[in-house]
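Visitor: Sharing a structure here in structure tokens format.
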Amino acid sequence: MASQNKSNFIKLCYKTFHKIRKNNQDFKKGLFMSIKKPSSHSHLEEIVPYQAGKPIEELAREKGLKTISKLASNENPLGPSKKSIEAIEKNLCNLNRYPDMNGYDLKKELSNHHKIPSEKIILGSGSEGVMTYIAKAFLGAGDEVITSSNSFIGFYIIAKASGANLKLIAPKKSNQFDMETIEKSITPKTKLIYLANPNNPTGTIITKHEFEMLLKKCPPNILIIMDEAYFEYAEDYKEYPNSLDYDYPNIITLRTFSKAYGLASLRVGYGIASPEIVTTLAKVKPPFEPNLLGQVAACEALKDHEHIKKGIIENKTEYERLFKYLVDKKLSPIPSFTNFVTFYTKTGENSDWLFNQLLNQGVIIRKLGANNMHDFIRVSIGTKEEMDHFYESFDKISDEFLKKMKG
Ligand SMILES: Cc1ncc(COP(=O)(O)O)c(C=O)c1O
């Protein structure tokens, strides 16, 4: 009798075990069938991720080349100030600590530099970082953002990712922003106007007169981003407006340490706006941006006036040489107020051909397909040696290229 009970008990256990296992399997199956894939915002589907200039190491690896001149990302070819490098070295042993989330020292330096209160400054991981805070704080589905169709792709991506509608206004024939049409395109849904001044990838500027006309006509509830990433290269031109000279509560000025200051890799930028806007942006800003090394290097970079001056002078010399070279080749370069020049290639095929021919010789330039400017190429201004490399490489293929331009 005892053994009968034992065998019934074992059978019961066995049955129960299988029932639980089956229920478990059915449960999991049901779960997988009822749960769909994680879904992102549908408006992200049309966004193509940002494509940066080809890195030097990648080209060296691919082609086995020793000498490479990267003229693709509008960086300062002289590198950072020695003072920045010293500050970085001094702070390497503090990498275990979070950086000052208020960026006190850097804001103080910037406040002295621009003669503005610290409350008007927001720091970020590059000026693109500040753009993302602006989009997070001010833009949403249905909002309209107006800018030119030949401007900075990085901003287009950030604005589109917020769900806003990007209204891209065609430039004038001269490749300059069509400020009149931009102003006329304002509607009650317009939340923000983005103006890169000087503009990337054309190198053109919006003049004082054009900017002042916009300020007169733009309703004060519309934010105006003045992206002045290339400010240091343009500030001495009489016609160039420094947006910090205009006291309007709806202007956000963006500046960066990535270009003239030579700190692109450290990702330090900042915005200057009314204290109200800065307080709002601080609510959406990840607390520890920019990083420690960026903060200390930027403080020193601001103080090294000699280094900046040298970079601007050398850039001007090489700009004039490059512009003349391109004019002599009848490639219609666009007059630029920056550290790069964009020129006409007639077709996208010509751009691809030229890009690949120069790449084979170790010179990296930039195609502008992402801007829908397939028939243009952009060249950043490098050191004298890098530019010589560009000219020597171009000279080797220029007869064939000019034939293509005529064909
Ligand atoms: C017009 C413009 N704005 C902003 C940026 C990005 O600057 P940052 O490195 O500060 O994010 C660039 C970089 O090429 C640029 O051309």
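The values are calculated or read from the model by the stated rules, or taken from the named source; none is laboratory data. From a predicted model like this one, the values you see are computed outputs, not experimental measurements. In this analysis, Cβ positions are derived from the backbone assuming ideal geometry, glycine residues included, and neighbour counts consider all displayed protein chains. SASA here: full protein model, heavy atoms, side chains in, ligands and nucleic acids out. Shrake-Rupley method; radii C 1.70, N 1.55, O 1.52, S 1.80 Å.
Visitor: For ALA72, state whether it is aliphatic (A, V, I, L, M), within 15 Å of the ligand (Cβ to nearest atom) and outside the structural domain of SER162 (by TED's automatic domain parsing). Show your work before the answer.
Guide: Numbers: aliphatic (A, V, I, L, M): yes; within 15 Å of the ligand (Cβ to nearest atom): yes; outside the structural domain of SER162 (by TED's automatic domain parsing): yes.
Here the answer is yes, as ALA72 does meet what is asked.
Visitor: Within the set of pairs 6 or more residues apart or between chains, which connect a residue that is outside any loop (DSSP other than H, G, I, E, B) inside the stretch 159-178 to a residue that is open to solvent by 30 Å² or more (accessible area, probe 1.4 Å) and modelled with pLDDT under 95 with Cβ atoms less than 6 Å apart?
Guide: LYS160/ILE47
Visitor: In the list ALA159, ALA170, which residue meets the criterion of being more than 12 Å from the ligand (Cβ to nearest atom), of a type outside the set (Val, Ile, Thr) and open to solvent by less than 30 Å² (accessible area, probe 1.4 Å)?
Guide: Working: ALA170 fails: open to solvent by less than 30 Å² (accessible area, probe 1.4 Å).
None of the others qualify; the one that does is ALA159.
Visitor: Moving to a separate point now. Scan the stretch 271-282 and tell me whether some residue there is within 16 Å of the ligand (Cβ to nearest atom) and either open to solvent by 50 Å² or more (accessible area, probe 1.4 Å) or under 18 Å from the mean Cα position of the chain (by Cα) (or both).
Guide: Yes.
Listed here are the residues, each with its yes/no results for (1) in contact (Cβ under 8 Å) with a residue 60 or more places away in the chain; (2) within 16 Å of the ligand (Cβ to nearest atom); (3) of a type in the set (Phe, Trp, Tyr); (4) not assigned by TED's automatic domain parsing to the domain that holds PHE376.
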residue: PRO201; (1), (2), (3), (4): yes, yes, no, yes
residue: GLU212; (1), (2), (3), (4): no, no, no, yes
residue: PRO220; (1), (2), (3), (4): no, no, no, yes
residue: ILE225; (1), (2), (3), (4): yes, yes, no, yes
residue: GLU232; (1), (2), (3), (4): yes, yes, no, yes
residue: SER243; (1), (2), (3), (4): no, yes, no, yes
residue: LEU263; (1), (2), (3), (4): yes, yes, no, yes
residue: ARG267; (1), (2), (3), (4): yes, yes, no, yes
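Visitor: Moving on. Which strands (runs of 3 or more DSSP E) sit wholly inside the stretch 241-351 and have at least 1 residues that are over 27 Å from ASN102 (Cα atoms)?
Guide: On the way: elements: 251-256, 269-272, 340-344.
Where strands (runs of 3 or more DSSP E) fall fully within the stretch 241-351 and carry at least 1 residues being over 27 Å from ASN102 (Cα atoms), they are 340-344.
Visitor: Kindly list the number of the only condition in (1) closer than 30 Å to HIS305 by Cα; (2) more than 16 Å from the ligand (Cβ to nearest atom); (3) not in a helix (DSSP H, G or I) that fails for PRO188.
Guide: The failed condition is (1).
Visitor: State yes or no: is LEU71 of a type in the set (A, V, I, L, M) and surrounded by fewer than 16 Cβ atoms within 10 Å (Cβ to Cβ)? Give the steps one after another, and end with the answer.
Guide: On the way: of a type in the set (A, V, I, L, M): yes; surrounded by fewer than 16 Cβ atoms within 10 Å (Cβ to Cβ): no.
Criteria not met by LEU71.
Visitor: Do we find that LYS238 is crowded, with 24+ Cβ neighbours inside 10 Å and in a loop (DSSP other than H, G, I, E, B) in this structure? Break it down into steps so the answer makes sense when it comes.
Guide: Values: crowded, with 24+ Cβ neighbours inside 10 Å: no; in a loop (DSSP other than H, G, I, E, B): yes.
It is false that LYS238 is crowded, with 24+ Cβ neighbours inside 10 Å and in a loop (DSSP other than H, G, I, E, B).
Visitor: Can we say SER148 is under 19 Å from the mean Cα position of the chain (by Cα), within 16 Å of the ligand (Cβ to nearest atom) and not assigned by TED's automatic domain parsing to the domain that holds PHE337? If you could, list the steps in order and put the result at the bottom.
Guide: Numbers: under 19 Å from the mean Cα position of the chain (by Cα): yes; within 16 Å of the ligand (Cβ to nearest atom): yes; not assigned by TED's automatic domain parsing to the domain that holds PHE337: yes.
When the stated conditions are applied, SER148 passes them.
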